[in-house]
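Quick note: the coordinates plus some simple rules give every number you see, no bench work behind them. The model shown is predicted, which means the values in this text are computed figures rather than measured ones. Here the Cβ positions follow ideal geometry from the backbone for every residue, glycine too, while neighbour counts run over all protein chains shown.
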């Protein structure tokens, strides 16, 4: 299945919204990454020369297997083809400058290698996507530890809402938001993300052009 669009949720964990000094949303906050942001396990996240503050955000990722528009909430889970663990890498300095000027975040969120992703596992192997331990270690030390039960919006809520805005197509992926504990990583760091029932994802950090 070819990679489709990457639809990402912002502030889907209340504690993360708090650490970002932002309001807890009453409806999903959406942004997009291009498919060229994807990075396979074992790959290297490349920090662009125009940024000096790269942050990690670990997330459960949902794969869409069936096309749908205006999907009812009670039918939404039938559109799920798999689950993975991913990272929403963010150029925090670039994002902060864009926010200050009222500009889009596309560069800060969508640069090449900004979406490391594990292989997907079938839904039947994930008994409850809303009760999975999720974590991220940097150089062997835990930075983020939480559980998907703390998501503000459930998977069926996300799918139903997103499908009122964008037609969902096979190969589309939903990055479901990150829990608290986001922080900076540096070239040379090793990141290991984990999601119960799904597995782990390990990538490293480098500089673009080196």
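Compare 198, 61, 126 in a GNM of the chain, Cα atoms joined below 10 Å, and give the one with the largest fluctuation.
So, out of 198, 61, 126, the one fluctuating most is 126.
Once the piece of chain linking residue 53 and residue 157 is laid out straight, how much longer is it, given 0.36 nm per residue of separation minus the C-alpha distance between them?
Net length gain for the segment: 34.2 nm.
Between the range 53-123 and the range 142-210, what is the C-alpha centre distance in whole Å?
6 Å
Could you tell me the calculated FRET efficiency between residue 44 and residue 106, based on Cβ-Cβ distance and R0 = 30 angstrom, to the nearest 0.05?
Calculated value: 0.85.
Starting from 0.36 nm per residue, how many nanometres of slack lie between residue 78 and residue 125 once their C-alpha separation is accounted for?
Stretched fully, the residue 78-residue 125 segment lengthens by 15.5 nm.
Which of these, 43, 194, 140, has the largest mean-square fluctuation under a Gaussian network model of the chain (Cα springs below 10 Å)?
Looking only at 43, 194, 140, the largest GNM fluctuation is found for 140.
Starting from the Cα of residue 67, step 7 Å along the direction of its Cβ; do the same at residue 19; then give the gap between the two resulting points in nm.
My value for the distance between the label points is 4.0 nm.
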